[in-house]
Amino acid sequence: MKRILITGADSYIGTSVEKWLQRYPGRYETDTIDMRNDTWKQKSFSPYDVVFHVAGIAHVSTDPKYKDLYYRVNRDLAIETARKAKKEGVGQFIFMSSIIVYGDSCRGKVIHWDTEPKPANFYGDSKLQAEDGIRALCSESFKVVILRPPIVYGKGAKGNYPKLAKAAKKLPFFPDMQNKRSMLHIDNLCEFVRLMIDNEESGTFFPQNAEYVSTSELVRLIARVHGKNIRLTRLFNPALKLMGKFTGLISKVFGDMAYDMAMSEYRENYRVWSLEESIAVTEDVGSTGDVE
């Protein structure tokens, strides 16, 4: 049996992974720990085989007044946690980083093996610096896994997906803009984490769904699972492209941000849902979400 400590009580990804592992009775035992104060430092990590570190500040602000806080939490806390794990004999440390270490989305942005990370703000930089500090601790007895997922979505997740889902259910029209996005359903991520644990992996990984998707196609698919036929139109495209020159919001929604699919292949299948199936599961339509 593997014993896993998940840092970050009540986090969406941490809670999802914990529930996923509970589907396999007798194979995993999980605990969570709150990192909001210093009491975690008194807890012994020695009983655990794996520490899954998801505690951190999400990409919610680029206000300079939060810069120090981001580095303290996303970088310093992560490295300190990894050091404690190594010192106390934990065999594997899994760190949740993000595709954001490569910067913001833009037209034609496809990430390859040799693409150098280039954070656009202190959120991405704090994650990248945490990666470097944790990776330096890696040894034969202390395996380090860095995960750089794209947008993670699923039932109950925050971010742009629920905003797009709301639009899909209400709007009669939506812009038809062709872009390329990597995304990752929460169940696909949970299964990937489980395989990292089972196979005692070490290295940097880039899990994503088996299919790319454009923002417009995503909205159309969401509408369809709700029995709604939303019309995609290019009527608004010239205005959106003009607005894109003055605001980063358009690029954030309709820009490209994708991994070369070869980067995301793994020796075992972790994609328990296809794109369309994952949308049905997320929208709670047509699937129970059960997996053997």
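Some points to look at:
- Within segment 225-239, at least one residue is surrounded by 14 or more Cβ atoms within 10 Å (Cβ to Cβ) and at pLDDT below 90.
- Some residue of segment 146-156 being surrounded by fewer than 21 Cβ atoms within 10 Å (Cβ to Cβ), over 28 Å from A82 (Cα atoms) and out of contact with any Leu (no Cβ under 7 Å at 6 or more places or on another chain): yes
- Annotation note: of V145, V152, the sole residue that is at pLDDT 95 or above and out of contact with any Phe, Trp or Tyr (no Cβ under 7 Å at 6 or more places or on another chain) is V152.
- Verdict on S105 being at pLDDT 95 or above and buried (at least 21 other Cβ atoms within 10 Å of the Cβ): no
- Qualifying residue in segment 255-270 (condition: in contact with a Ser or Thr (Cβ under 8 Å, 6 or more places away or on another chain), surrounded by 12 or more Cβ atoms within 10 Å (Cβ to Cβ) and modelled with pLDDT under 85): no
- Residue match in segment 177-196 (condition: farther than 25 Å from K19 by Cβ, at pLDDT below 95 and of a type outside the set (S, T, N, Q)): yes
- Top-ranked residue of segment 109-137 - restricted to ones that are surrounded by fewer than 18 Cβ atoms within 10 Å (Cβ to Cβ) and among the hydrophobic types (A, V, I, L, M, F, W, C), ranked as modelled with the lowest pLDDT: A120
- Within segment 58-86, the set of residues being in contact (Cβ under 8 Å) with a residue 40 or more places away in the chain, among the β-branched types (V, I, T) and surrounded by fewer than 17 Cβ atoms within 10 Å (Cβ to Cβ) comprises just one member, T62.
- Test: residue in segment 276-286 that is free of Cβ contacts under 8 Å to residues at least 12 places away in the same chain and farther than 22 Å from K158 by Cβ: no
- Of all residues in segment 202-234, those that are among the hydrophobic types (A, V, I, L, M, F, W, C) and either under 17 Å from E265 (Cβ atoms) or not in a helix (DSSP H, G or I) (or both) total 6.
The values are calculated or read from the model by the stated rules, or taken from the named source; none is laboratory data. Just so you know, these numbers come straight off a predicted model, no measurement behind them. With ideal geometry, Cβ positions are generated from the backbone for all residues, glycine too; neighbour counts draw on all protein chains shown.
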